[in-house]
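Structure first, then comments.
Laboratory data are not the source of any read-out in this text; all were calculated from the coordinates shown. Predicted, not measured: the structure shown is a model, and the values here were computed from it. Here the Cβ positions follow ideal geometry from the backbone for every residue, glycine too, while neighbour counts run over all protein chains shown.
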Amino acid sequence: MNEDLDMELIQVAREARELAYAPYSGFQVGSALRARSGRIFTGCNVENSSYGLTICSERVALTKAVSEGEREFDSIAVCAPGAPAPCGACRQVLNEFCPDVAVFLVDPHATPVGKVTLKQLLPSAFDGSFLDPTS
Ligand code: THU
């Protein structure tokens, strides 16, 4: 892994967080997802007055990327106060495309940055292989 590229991804996640639409929770989250092609896709949480329709930053980044033709990813940086790991729903959705993705956990202001793998966050994941009747 290239440390400069990782630092760039982390900085892009910090900047993506500035665009979060979070008037209800006040909790702003930013993500930056790097495709194997090198392209970076950003996301922020987008809340809604009908709370359950809120979309997390990670899924915004992922759906933007897939909708632009990318399906392989090597890393994602997620930036929020306290450097939390992605929620369960986002772990499952990331697992669909990148079960081996590295996840950088970033606080908006503090360093250092945590690094985990999606496999650590979502062991024994459910995936499409279970839906294959021949397996
Ligand atoms: N949120 C994310 O964007 N990503 C996560 O992984 C956890 C939670 C957002 C959703 C909501 O807008 C706010 O954080 C508080 O839950």
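Between V46 and A89, what is 0.36 nm times their sequence separation minus the Cα-Cα distance? Round to one decimal in nm.
Numbers: separation 43, 0.36 × 43 = 15.48 nm, distance 1.51 nm.
Going from the current span to full extension adds 14.0 nm.
Take the alpha carbon atoms of the range 3-121, find their radius of gyration, then divide it by 2.2 N^0.38 Å using N residues; give the quotient.
Numbers: Rg = 12.9 Å, N = 119, 2.2 N^0.38 = 13.5 Å.
Computed over Cα atoms of the range 3-121, the ratio equals 0.96.
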Out of all DSSP beta bridges in the chain, what portion is antiparallel? Express it as a percent rounded to 5.
75 percent
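For E58, what charge total do you get from the other residues with a beta carbon under 14 Å from its beta carbon, if Lys and Arg give +1 and Asp and Glu give -1?
Working: positive: R17, R34, R59, K64, R91; negative: E96.
Every neighbour counted, the sum reads +4.
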Hey, what number do you get for the chain at 222 nm if only DSSP H runs of n ≥ 4 count, each worth -39500 (n - 2.57), divided across all residues, to the nearest 500?
-8500 deg cm²/dmol
Within the range 82-102, find all residues whose amide N lies under 13 Å from a label point positioned 7 Å from the Cα of L131 along Cα-to-beta-carbon.
93, 96-97
Inter-probe distance in nm under a simple model that places probes 7 Å from Cα toward Cβ, at E3 and Q120
1.8 nm
Here, T111 and S37, labelled 7 Å along Cα→Cβ, have an inter-label distance in nm of 3.1 nm
Debye, to nearest 20: dipole size of the chain, +1 on Lys, Arg Cβ, -1 on Asp, Glu Cβ:
200 debye
Estimated vicinal HN-Hα couplings, Hz - the range 122-133 in sequence order (Karplus 6.51, -1.76, 1.60; Gly, Pro = x):
9, x, 6, 5, 7, 8, x, 4, 6, 8, 7, x
